[in-house]
Structure formats: structure tokens, C-alpha cells
1. Length gain on complete extension for the stretch Arg158 to Asp240, per 0.36 nm per residue less the alpha carbon to alpha carbon distance?
2. So which trypsin sites (Lys or Arg not before Pro) in region 171-280 are both in a DSSP loop and have at most 15 other Cβ atoms within 10 Å of their Cβ?
3. Efficiency by 1/(1 + (r/R0)^6): what FRET value for Asn276 and Thr329, r their Cβ-Cβ distance, R0 = 35 Å, to the nearest 0.05?
4. Expected output is a single nm value to one decimal: the length gained when fully extending between Glu375 and Ala297, i.e. 0.36 nm times separation in residues minus the C-alpha distance. What is it?
5. Given the -39500 (n - 2.57) contribution per DSSP H run of 4+ residues, what per-residue ellipticity at 222 nm results for the chain, rounded to the nearest 500 deg cm²/dmol?
6. How large is the accessible surface per residue of the chain, computed with a 1.4 Å probe and reported in Å² as a whole number?
7. Size of region 44-153 along its principal axes in angstrom, Cα-based, largest extent first?
8. Relative contact order of region 292-373: what whole-number percent is it, with Cα pairs under 8 angstrom and at least 6 residues apart?
Amino acid sequence: MLHDMMEVIQQGEDNGNHMIVHLRLPSGLEILGLATKNFYGGDWDLGPTWNYLVLADRPFLVDTGRTGQGNTLLEKLKTAGVSGKDLAFVVLTHGHEDHDGGLSEIVQATGVRVKAHTLYDRLIRCYPDDAPLGVNKDFPASCWRCSMPASFSNEHCRAYHRERGRLEIETIGDGETSIMNAVGSYHLPGHSPDALAFLVGEEVLLVGDTLLPDISPHPTRLCYFDQVAHVFGPQYPHGDSIYGLRAYIRSIKKLERIGAHMDRLIVLPAHRLFYNHRWNEMVLNKRVRDLLGHHVARCARILESLKQGPKTARELAAACFDAPLLKGTGIVMAENEILSHCELLQTSGDVVSSNGGRFEAAGTSTFESAIEALEPEW
Ligand SMILES: [Zn+2]
Ligand SMILES: [Zn+2]
């Protein structure tokens, strides 16, 4: 279905890098998919970032690739005869660097308006007098929990933090809102607290990293909320609504509901639309069900492993992930994934934390019904 509507304008590389595709939908709506090079590689590779130019009443751009890709993206827009100055706005699916890294360049070159979720506007700022103890108070709140060494952030992040922190953001609120005629925005936190999806007509759903083909999007951890709660303010009293696996699961169930009566809906992800020589088409409800199944299976695996005796997150990661995924910074990714699931298992009462940072099976197995019972909050 997707394939029939698509014309490859620029072939790019086998993993999709530099690819440009043109989609023409039955209503006449046109969208350009523009893949920009990503940073990751190896076994945790996401593939390039897929940014989208939506040729609606006025054209707008969804996401901007990583740092250094902004001007490349502006060049690619010319393929569709669009100058950066023609854009009604740039809108962000969420504030990860592979999506907003190119933003400052684009704003500097064009003066374009920027829309993003309210929490994005809070996270990109620095709060030197208000930063919690033990974090780098010169970093924006989004990066307080960064675990990369200073040598890395000095080289890669300083300019990004500084330029991004100066941007003026037109904020998008919670729940469902409209960002343009026939374009709806949905706040779907979990992969990131500021994550948004966009529905164009009833034809296209741009899901950012909240749903990806092939790979399971990384959930945040609930405990991240504690560090930034004072920055978010009283409007966000409950971390569980915006951080952690439970928030993520509610969000993908919400996505499923949004598309429930739209049987021809095209779902466009921010990674892996094309990867390893092939197209990855997602059927919304099937992909949501697959991901729910993945998280149930992961929880089951963790609980099974804990029945043999208490374990640390690192030991659980070794039990649950293939060895190549644990190499280098992979171990941090794997541990975070495990900890996110352990938080859910603690909430369901199946796991308790014991001494020395270990987790222990509580003797129950209620997580599956707890996941099933999670309902979107709106
Ligand atoms: Zn992301
Ligand atoms: Zn991403």
C-alpha cells in the first residue's frame, strides 16, 4: 500500500541514509520523506532519522535530523521546490538530538517558527541556580542525567546545548490539539516526556520514535522524573503520566485508538522506514499489539530470571540480551531497558528491590493483567 504511493527521488544508501522519497496520498496530499545520517551504529543502530516535509495548506517540516544536518535538510527541501523560507513552521516529534540537532541551523538560516511540546520548552533550558546536586548545572535539564564522559559532551554537545537553549518555542499542549487546518497533534509521552505524534487528515500518522518498525522504542525510566519535576511545575504532578514504561504503554494504546476507524492509515516512523534494502510498512494496531507482546515477554523473562535468585540490573541485562548488544555503551542501554521494566514490575507488585541494588521476585505474577489494564489517560 505504502509502496504504491511512493516514488524514490534519491536512492541513498542501503540503510536509507540520504534517501528522499515522495508520497502522494489518495486525497492529493504530498509528503516528502528525507533521511538524514544518524550517529549510532553497531548492534543498537537505529538507522538514519526520517524527517518529513508535509505539503499541507502551507508546507511544514517534521524534525530536523542531528547536529550538522540542518543545512543538508534545507538543501534537500529544494528537491520539492520548497525553500526553507516557505515553511509555515518546523515541528518536533521530541527533543532527542537525532531529531532536534539540526534545528538551530535551520532557524538561523530561515527564521522559521518552531513548534514543540511544552515540556520540550522546559527541558532545553538551563537552570544554573535550580539544578539538582551532582549534575552539571551548565547543562540543560534534558541532559542532567547524561552518562557520557565530559570529553564527549565538550566535543559534541556544547554548541548544541547553547544554540538550542536560545530558541523561541511555540508550545503545543497536552492531549489532542490542532497545529494547522486538518493537522492534529497528540501528546504521547513514554519514549520521551515531550513526545508528539501528528495526524494529517485521516490519512497519515507521523509517530516519531513512539512506534518503530523492526525495533522496540526505548522507554524512559520513571525515576528520571524526580530530577526535573521542579522544572516542569505543578501542571505535571505525576511522573507516571509522562515517564516510564507504563506511560509508554498508555501512549501506544492511545495511538491504536486514534487510528481505530482509519483502515487505510499510513504510519510514518522516524527511523527504519527503509532499512537493509527493504521498506518497513507498519499496520498500526498490529504494530502496537506486537510491541505490547514484546514488553510482556520482557517482563516475563525478567521475572523468570529473578525466580532463580536476586539479581542486579546488569545481571538481568546479561540474562535478557544477546551478548553483542551488551558491548560498549550497549550495556547502559540494556540496563536502562531492564530498569524501566523493573519499575513496572515493582508497581505491579511482582518484584521488590532488595539490598545492594538487587531485584527479587515477590512470588506473584500479575504484570500481564496490569499491562492489559493500563488505559490512556485521555
Ligand atoms: Zn528518540
Ligand atoms: Zn530517534
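The values are calculated or read from the model by the stated rules, or taken from the named source; none is laboratory data. Predicted model only: the values in this text are computed from it and were never measured. Ideal geometry is used to build each Cβ from the backbone, glycine not excepted, and the neighbour counts take in all protein chains shown. Heavy atoms of the whole protein, side chains included, go into the accessibility calculation; ligands, DNA and RNA do not. Shrake-Rupley method; radii C 1.70, N 1.55, O 1.52, S 1.80 Å.
1. Working: separation 82, 0.36 × 82 = 29.52 nm, distance 3.06 nm.
Result: 26.5 nm gained on full extension.
2. Details: sites: Arg221, Arg246, Arg250, Lys253, Lys254, Arg257, Arg264, Arg272, Arg278; in loops: Arg221, Arg264, Arg272.
Passing both the DSSP loop test and the Cβ count: Arg264.
3. Numbers: r = 22 Å, r/R0 = 0.63.
Result of the calculation: an efficiency of 0.95.
4. On the way: separation 78, 0.36 × 78 = 28.08 nm, distance 1.95 nm.
My answer for the length gained is 26.1 nm.
5. Values: 12 runs with 122 residues, N = 378.
The helix-only estimate for the chain comes to -9500 deg cm²/dmol at 222 nm.
6. Details: 15960 Å² over 378 residues.
With the other protein chains kept in place, the chain gives 42 Å² per residue.
7. Projected onto its principal axes, the Cα set of region 44-153 covers 49, 29, 21 Å.
8. Contact order relative to length: 34 percent.
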